[in-house]
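Working notes, structure below.
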Amino acid sequence: MKKSGKAAIYFLVVIVFFLTIPEIVIRVLTPEQFARLSDFSSLGGLFSNLLSILIFLGIVSILLGVLAIFLTKKIYRYLYRSRG
């Protein structure tokens, strides 16, 4: 696969993770859990609580997207080699 195709796959997966994970987390958490998470991710009071939790969830989503592609690639290569 060409580099542009790989970059497109990474970009699409990261966008999907970036749009779904924060929404799921915000909908599932109770207000008390949400407050604890915002205190955890407030970066020492540098940002407001809501902004810090959105930044934190965005970074985590991007990292999870890249990790998912990496692990999927490893599993696919292992299964392809064992079949051949």
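Restricting to segment 48-84, count the residues that are touching a residue at least 12 places away in the same chain (Cβ under 8 Å) and either polar (S, T, N, Q) or in contact with a Lys or Arg (Cβ under 8 Å, 6 or more places away or on another chain) (or both). First the steps, then the outcome.
Residues of segment 48-84 that are touching a residue at least 12 places away in the same chain (Cβ under 8 Å), as a first pass: 49-50, 52-58, 60-62, 64-66, 68-69.
Narrowing further to those that are either polar (S, T, N, Q) or in contact with a Lys or Arg (Cβ under 8 Å, 6 or more places away or on another chain) (or both): 49, 52, 61.
Summing the residues that are touching a residue at least 12 places away in the same chain (Cβ under 8 Å) and either polar (S, T, N, Q) or in contact with a Lys or Arg (Cβ under 8 Å, 6 or more places away or on another chain) (or both) in segment 48-84 gives 3.
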Exercise for the section: Give me the pairs, please: first residue somewhere in segment 25-41 and in contact (Cβ under 8 Å) with a residue 60 or more places away in the chain, second residue anywhere and loosely packed, with under 11 Cβ neighbours inside 10 Å and among the polar types (S, T, N, Q), beta-carbon distance under 7 Å, and either six or more positions apart or on two chains. Expected result: none
Practice task
Identify all residues within segment 13-39 that are of a type in the set (Phe, Trp, Tyr) and over 30 Å from residue 73 (Cα atoms); write none if there are none.
Solution key: 34
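So, in segment 38-54, how many residues would count as being in a helix (DSSP H, G or I) and either touching a helix residue (DSSP H, G or I) at 6+ places or on another chain (Cβ under 6 Å) or exposed (fewer than 14 other Cβ atoms within 10 Å of the Cβ) (or both)?
As a first pass, look at segment 38-54 and keep what is in a helix (DSSP H, G or I): 38-40, 43-45, 49-54.
Within this subset, residues satisfying the condition of being either touching a helix residue (DSSP H, G or I) at 6+ places or on another chain (Cβ under 6 Å) or exposed (fewer than 14 other Cβ atoms within 10 Å of the Cβ) (or both) are 38-40, 43-45, 49-50, 52-53.
Counting residues in segment 38-54 that are in a helix (DSSP H, G or I) and either touching a helix residue (DSSP H, G or I) at 6+ places or on another chain (Cβ under 6 Å) or exposed (fewer than 14 other Cβ atoms within 10 Å of the Cβ) (or both) gives 10.
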Completion exercise
In segment 55-84, anything under 30 Å from residue 35 (Cα atoms), of a type outside the set (Val, Ile, Thr) and open to solvent by less than 90 Å² (accessible area, probe 1.4 Å) is listed as 56, 57, 58, 61, 64, 65, 67, 68
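The values are calculated or read from the model by the stated rules, or taken from the named source; none is laboratory data. Worth saying up front: this structure is predicted, and the values here are computed from it rather than measured. Note that each Cβ is placed from the backbone with ideal geometry, even for glycine, and that neighbours are counted across all protein chains shown. Each accessible area value is taken on the protein alone, full model and side chains, heavy atoms only, with ligands, DNA and RNA left out. Shrake-Rupley method; radii C 1.70, N 1.55, O 1.52, S 1.80 Å.
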